[in-house]
Amino acid sequence: EGLSPAEIKSRLIASTDFNPALSEKAYSSGVLNIPKAIYVWSDVLQTNEPNARLRLGKVSDKPQNVVTLCKHNVFLDQIAKISIAKDAKNIRRAIVWQKQATGTDGELEKPDICEVDENDSFEFHFVDAASNQQTTVNLQNLRDYVASVRPFGASP
């Protein structure tokens with residue numbers, strides 16, 4: 001079964017490459033990244049290593065994991081996207097798109113963009129679908145994480 005119109009819209013928003021300079025110009029605060037948009041059944045990860053490729057796979061510890069960013073604590077399974085980028089002044093900024101409550105057909109809550117500070121933290125484990133290797137993802141090495149829309153074959 002395919003995606004609902006709201007799920008498609010949410011995926012397009014979450015699939016952008018975050019750019020703090022676009023926060024007042026584009027609803028998503030970024031530029032659409034087509035590969036991130038089309039891999040709807042996988043979690044997509046991009047680290048901040050030079051020339052880091054997009055990695056498809058699955059976060060193995062999603063339900064019990066809490067992300068602390070922008071003065072909020074959110075369970076990872078309620079997050080559609082986490083992205084961290086430096087602004088023009090070289091300050092690290094974060095954006096976290098959360099899934100709305102059940103019954104909203106996949107819509108996202110418009111987030112605030114915040115400066116990453118010493119109180120922010122998270123760590124989760126990503127299993128790469130191609131290599132089956134596990135990577136520990138944290139505030140220091142994350143560039144972009146886009147959660148799968150839903151597991152393949154699951155009902156909306």
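The values are calculated or read from the model by the stated rules, or taken from the named source; none is laboratory data. Remember, it's a predicted structure, so these values are computed and weren't measured experimentally. Glycine gets a Cβ as well: all are built from the backbone with ideal geometry, and neighbour counts include every protein chain shown.
General remarks:
- Scanning region 44-65 for residues that are over 20 Å from Arg11 (Cα atoms), in contact (Cβ under 8 Å) with a residue 40 or more places away in the chain and among the polar types (S, T, N, Q) yields Asn48, Ser60, Asn65.
- Failed item, numbered, when Ala129 is tested on (1) closer than 14 Å to Leu76 by Cβ; (2) at pLDDT 90 or above; (3) not aromatic (Phe, Trp, Tyr): (1)
- Selected residue (only one of Asn51, Asn73, Asn90 is assigned to a strand (DSSP E or B) and more than 12 Å from the chain's Cα centre (by Cα)): Asn73
- Tabulated pairs, region 66-89, first at pLDDT 90 or above, second surrounded by 21 or more Cβ atoms within 10 Å (Cβ to Cβ) and of a type in the set (Asp, Glu), C-beta under 8 angstrom, 6+ apart or interchain: Lys81/Asp144; Ile82/Asp144; Ser83/Asp144; Ile84/Asp144
- Hey, Ser28 outside any helix (DSSP H, G or I), hydroxyl-bearing (Ser, Thr, Tyr) and without any contact (Cβ under 8 Å) to a residue 24 or more places away in the chain or not: yes
- Members of region 35-68 that are closer than 27 Å to Glu118 by Cα and β-branched (Val, Ile, Thr): Val44, Thr47, Val59, Val66, Val67, Thr68
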